[in-house]
Each structure stands twice: as structure tokens, then as C-alpha cells.
Protein chains: 2
Amino acid sequence: MKIDEMKIEDLHPEEFIKQKVEEISSIVGSGLAINALSGGVDSSTVTMLAHKALGENLKTYFIDNSLMREGEPGHVISTFKKLGVDVELIDARKQFLDALGGITDPEEKREAITQTFYKDVFGLLVRETGAKYLLQGTNYTDIEETVAGIKRQHNILEQIGINTEKAYGYKVIEPLIQLRKPAVRKIAEELNLPEEIYSRPPFPGPALAARVIGEVTAERVEIARKATKIVEEELSGTNAFQYLAILHEDKVTGVREGKRDYGSQIEIRCWDSKDAKTGSPTRLPYDTLDRLAERMTEEVAGVVSVTYNITQKPPSTIEAV
Amino acid sequence: MKIDEMKIEDLHPEEFIKQKVEEISSIVGSGLAINALSGGVDSSTVTMLAHKALGENLKTYFIDNSLMREGEPGHVISTFKKLGVDVELIDARKQFLDALGGITDPEEKREAITQTFYKDVFGLLVRETGAKYLLQGTNYTDIEETVAGIKRQHNILEQIGINTEKAYGYKVIEPLIQLRKPAVRKIAEELNLPEEIYSRPPFPGPALAARVIGEVTAERVEIARKATKIVEEELSGTNAFQYLAILHEDKVTGVREGKRDYGSQIEIRCWDSKDAKTGSPTRLPYDTLDRLAERMTEEVAGVVSVTYNITQKPPSTIEAV
């Protein structure tokens, strides 16, 4: 199935919402649909659209895959409670970490996360709830990059020929598939989602697993989580499109209190971009870079070195893995 | 043996040279001494001091360990020919690469280079020439860092208790051991060495092996060599203390012509420093960083990502490995 982009200049948010709510209603009928909310703009928008369409017939889950940012599960759930949407927390931390053990190849990591998410965790929820429909926030850039072979998005299945009904027992509905990120933000704003959601920088599906080069373990995710918190505290005031901290597997030599300290390196990326299709490193002031390096090496255990990525996309991508 | 620093403000270059020339003469007597010249300020200064002291009784070698920069062996030899010093080229590329095969730990790499240099290559030259003395450019910062346990300098032996006469069959003379780099530069200038030598940024002993994280192979050294050339072309006009390009072992995702390209990352470091004891990343203009990233990703095969190190020393060190 060929999907056409709906360009932001052709988008009428109110009309789009009305149409999608009707579509979701008519597809799901009187059945039950479920969806996973991560707190990102895509899944938040889908949650609100489906909530409008289905009310009590929508079950929304927050899957704690151990790869979330600090405090994220509680914060997202309470934000949606205020919006009248009940979200159930599923603690799947052990399942994801077990699935990721020993894997270093990025595509295999994505595959492990996809399998755990769709098959193990959602499979169980589907069986328990009897839901036949899964709503999901796949957007136009996701399918474009996957089809082009740049990277496999964890939430892209039908486009690469996987029949979810057959493979996992449910059908996937993707109401945002024709929109790029800026258009999704418009819809989110129109749906009265809070600004922290509709203007939130992207934080892709594999979450902190995408911020760890090499094996994803509880300890290494914790380092990436702390580094991510610092980057977000220091850079949320910029107008950057996205900012991230990546834990490298390569070790480098450092020195502490006059002694050799062979430790870790954190790479920081901060992107100026309109649509994630192309991007440039934000020209952050050196005082900001100094502060980032100082905080990383003082607050994150084992970090002796910090870099800033200076490559354009292309040939870089936004994320490292 | 405790070594005291001779501070630059207490240094009288002419007097220092006179004294060291006499010392070298009196130690070596009518015997034969050999030394290895890399073209750096330390070994160049030692070569000139020993040449003044010993004339024909000094044999100077340029050891091509396969870890040199592009065109370096030929350029160094012709520079010294103009200064009246004959330098013999020793092709030891295979020996060094064989010794480095399969090793990824930085200290083991240093050890492999040390062993190959002192034992295999110099051992043979000593036996062939009958020389009993090796002159070498160890400076005060080298011993300070080694004794402190930060990193093992390849040219530091007696300070860590290795008896070179017993281990390798020759005695080491280190005329610059009380001087830090800026003082060595003063001596080099006073000796009429060309400015490209006396103001040359440091390029430490393990050479490009220190610029490759992970295994040192001919192919990976070639990538580091190309990246180093670009960094030197772009940054030689700055007043930076030292600038370097490091090939990482970690792979990152990139995109070329719309297709995924899982490739290499180059890290660039550029230091403001007086004496290598402490340092700050040079605040290079973003236009310069852009150009560096563009050249690296276009001119060096397999490179899809470039970073700039933003860490202070300490806790970073100047080099990565």
C-alpha cells in the first residue's frame, strides 16, 4: 500500500481530527482497542484521538521497558490522568533487559525490542483483554526511513510486509501515518494536549537503548539515563529540534586526582531540523558545551570524556544506533 | 633517582646547550651512540645536541613503524640532510603491525610498541653498530605522567625501574629530562632547527597507534592517517597547543544517498594548553568545525560521523588512548 504524505500546508487540524475519530470508531466498532503510550507527541496524539473515538473501549498502557527517562512513567501517567485518560502501567523491565542481553548490533537490538514489545508484552495484553486492534503513532518519516533502508523503526510492521494479525493476533491502526512531525504537533495542540507534549523533542521508540552503543544492560542504561537528564536540563531552553546523549562502548584514557582513569565517553548531539529529514548541529555557545562536559564528568559515574557531534544529516543520522 | 624540573624562567638556552653537549661527549667518549629521530621537537633537539657533541660517532635512525603521518619519513630525513645530519631510514612497518595485531587494550598497545622499538628494532641496530648508548628525548611531563600512573610513555624506562642495559643491551641518555615542552622549544630554536620543528605541535611516540581506538591494523592506521592530515591542514593556522583525530571502534548509523550506511566515527580534539599538564578545548569557530566534518565524511572512506571533544584536562587527557 502506497502512502501519500499530507503536507502541513494542506492540513486542517480540526477536520483531520474529526475524520480520524470517525475512522477509528468505524474500524473498531463496538470492540476493544489497546494502545501503548510513551508520552511522546506521536503516541500522545494517538491516545487522545482514540480516546475521543472509543472512550471506555480504549485501553491505554504505559509499558515500562526499563529504557525510559528518569521519572518518565509516573509523569506521563499523571499528565494523562489530568486529561481524563486512565493509563495502566505495565512493568516489563526484566523482559526487555533479558531480551537485550548480549546483543551489540543496533539492528538486532531494534529487533529484540520489537519482538518483546509486540509479541511478548502486547501479545499477552491482547490475550488478556481480547482486543483486536492496536493503535499506534507511526508517522510519515518513520516509514520513509524504514522503506529506504536507513533504519528499522520499531513501530513499523505492515510497511515491511509483516502481517500483524497473523504474527501477533491483532490489527494495527496508524492514524498519523500521512503526517510528518510538525503536522503531528499541530494536531496535538488542537487536541488540547499540554505544550510540554506537543512541543516535546522526539525521543524515539527504542528510547535509551538507542542511546547506548554496545550491549544494553541495566547499568549502562542508567548511565545513559543520567546523561540524558543533564542534556535535557541544559538544552531544553534552546530551540533545538532534538538533543541527546549517547554512551559509547569505546573506552578512553582520563585522569582523576593525578591518577589514570580509563573510563567512558558520552557523545552529545543537538540538532537544528525542520522535519528530521535533514539536520545541522546546533551552534551551541562554548559556555554551554563547557557546562555540559563538566556536569557529565562530575555527575555521571565513570565518564571521563565528552564530545559534541559536528556532522550534518546526511551523512549522519539523528540518532547514533 | 629524583629528577627536578628546570623551569623555563631559569633556563639559559646557550648555556644549557653547551653543558649538555659536554655531558654527552664525556659520557659517550670515543664510543658510538645511536638515536631515533621522529621529527618531533624532542627527538629533533636531541639529534642536534648529540650531533654537536659526537659528530660522526652518532648514528641517527628514522624508524618507520607504519604509524607515521603521510609523507613524514621522507620529509624528516630531507629536513635533517639540509642541517648536515645524515639520517638512515629503517623500514620496520611489518614488525610493528605484527606486534600490534589483535591487541585492543591501550596499555598493551604501548607495551607492544615499546618492546618492538627497544628490543627488536633497536636491539638489532645496537648489535649491528656496536653502540652502547641510546640518546632519547624524554621530557619532564613524560616522567611526571608515567610516575603518576596516568599513562605509560613509550620512551620511559629507567623511571619505572627497567634497567635498559640489562634488558636491551644499551644505556639511555636523556638530555631533556628536566625540561617541559616550552623549554625544549626554546632549546630547539637556539639550535637553529627550522620553525616547523621548534613550534610543531606534539605528536607522541606511539604516533597513529594512539589515534586508533581498538585494534591497530594497516587499514585502520590509514584511516587515522588521512583524518590526521585533514586536521593538520585545517588547524595548523590556529595557535592551538595540539590537535588530533581519533578513529573510534564504535560504529554508528549514517545515511548516504538515501541508504543506511553503518560506518565509522572520527573524534577531533584541539587543545589550548601551556604545558600539557592541564588543557581546554580550543573554542574553534563553528565554520571550522563544519568544514572539518565535511572533509572527514567526504574524503575518508567509511566515516559517517565526526565529533569534537569538549572536555577539560583533567579529567580528560590530551590523547584518547
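The values are calculated or read from the model by the stated rules, or taken from the named source; none is laboratory data. A quick note: this is a predicted structure, and the numbers were derived from the prediction, not measured. Virtual Cβ from ideal backbone geometry, glycine too; neighbours counted across all protein chains shown. To get the accessible areas, we keep the full protein, side chains included, count just its heavy atoms, and leave off ligands, DNA and RNA. Shrake-Rupley method; radii C 1.70, N 1.55, O 1.52, S 1.80 Å.
What to note about this one:
- The rotation axis taking chain B to chain A passes closest to this chain B residue's Cβ, listed with the gap in Å: B:T307, 2.
- Nearest-ten-degree value, helix B:41-54 long axis tilted from longest Cα axis of chain B: 20 degrees
- Total charge dipole magnitude, segment A:36-80, about the Cα centre, Cβ charges on Lys, Arg, Asp, Glu only, Debye to nearest 20: 140 debye
- Sorted from closest to farthest, the other copies place their A:D105 label points 2.9 nm away, with each point set 7 Å from Cα along Cα→Cβ.
- Between A:V212 and A:L247, the built amide H atoms are under 5 Å apart, and every one of these is 5 or more places off in sequence or on another chain.
- For the pair A:E195 and B:D287, a Förster radius of 45 Å applied to the C-beta separation gives a FRET efficiency near 0.85, rounded to the nearest 0.05.
- When only Cα pairs below 8 angstrom with a gap of at least 6 residues are kept, chain A shows a relative contact order of 17 percent.
- Under-16-angstrom lysine pairs by C-alpha in segment A:1-133, whenever the two are 8 or more apart or on separate chains: 10
- With kT/(6 pi eta Rh) evaluated at 37 °C and eta = 0.692 mPa s, and Rh the Kirkwood radius from Cα pairs, segment B:209-282 diffuses with a coefficient of 240 µm²/s according to Stokes-Einstein.
- Alpha-carbon centroids, segment B:37-113 and segment B:275-321: separation in whole Å: 26 Å
- Solvent-accessible area, 1.4 Å probe, carbon plus sulfur percent, for segment A:1-75: 50 percent
- Across B:R225, A:R260, the residue with the most accessible area heads the list, and the full order at a 1.4 Å probe is A:R260, B:R225.
- Of the residues B:P281, A:G258, A:I103, the one whose Cα sits farthest towards the positive end of the charge dipole of the protein assembly as shown is A:I103 (charges of +1 on Lys and Arg Cβ, -1 on Asp and Glu Cβ, taken about the Cα centre).
- Accessible surface for A:D261 stands near 40 Å², nearest 10, in the context of the full protein assembly shown (1.4 Å probe).
- Tail weight of P(r) past 46 Å, computed on alpha-carbon pairs of the protein assembly as shown, percent: 30 percent
- Segment B:162-321, accessible surface, carbon-and-sulfur percent (1.4 angstrom probe): 46 percent
- FRET efficiency estimate (nearest 0.05) - Cβ-Cβ, B:R127 to A:E108, R0 45 angstrom: 0.30
- Copies compared at B:G302 - label distances in nm, ascending, label defined 7 Å from Cα in the Cβ direction: 2.7
- Teacher prompt: B:D120 distances to equivalent labels in other copies, 7 Å Cα→Cβ, nm: 4.7
- Accessible surface area normalised per residue over chain A is 41 Å², counting heavy atoms of protein chains with a 1.4 Å rolling probe.
- Amide hydrogen neighbours beyond the local backbone of B:I173, cut-off 5 Å, H modeled: B:L134, B:L135, B:Q136
- Loop-resident sites, segment A:250-321, for GluC sites (Glu not before Pro), counting at most 12 other Cβ within 10 Å (DSSP): A:E257
- Pairwise burial A:B, computed as accessible area of each alone minus the pair, summed, 1.4 Å, Å²: 4100 Å²
- Taking the alpha carbon gyration tensor of segment B:174-215, multiplying each eigenvalue by 5 and rooting it gives semi-axes of 25, 13, 7 Å, largest first.
- Largest GNM mean-square fluctuation across B:G74, B:G123, B:G279, computed for chain B with C-alpha springs under 10 Å, falls on B:G74.
- Karplus 3J(HN,Hα) series, Hz, for segment B:135-143 with 6.51 cos²θ - 1.76 cosθ + 1.60 (x for Gly, Pro): 9, 7, x, 3, 10, 5, 5, 4, 6
- Taking every DSSP bridge with both residues inside the protein assembly as shown, close to 45 percent are antiparallel.
- Rounded to the nearest whole Hz, the Karplus-based 3J(HN,Hα) values (6.51 cos²θ - 1.76 cosθ + 1.60, θ = phi - 60°) of segment B:224-240 follow the sequence 4, 5, 5, 5, 5, 4, 5, 4, 5, 5, 7, 10, 5, x, 7, 9, 5, with x at glycine and proline.
- Paramagnetic label zone (point 7 Å from Cα along Cα-to-C-beta, A:D120; backbone N under 19 Å) in segment A:221-260: A:221-222
- Segment B:39-116: equivalent-ellipsoid semi-axes (sqrt of 5 x gyration tensor eigenvalues, Cα, Å): 27, 13, 11
- Scalar couplings 3J(HN,Hα) for segment A:291-300, obtained by applying the Karplus form with A = 6.51, B = -1.76, C = 1.60 to θ = phi - 60°, are 5, 4, 5, 5, 5, 4, 6, 8, 9, 10 Hz; x denotes Gly and Pro.
- For B:E196, the solvent-accessible surface with a 1.4 Å probe is about 100 Å², rounded to the nearest 10.
- Under 5 Å, built H, 5+ apart or other chain: amide partners of B:R260: A:I150
- Value of Rg to Rh for segment A:173-321 (Rh from inverse mean 1/r over Cα pairs, i.e. Kirkwood): 1.01
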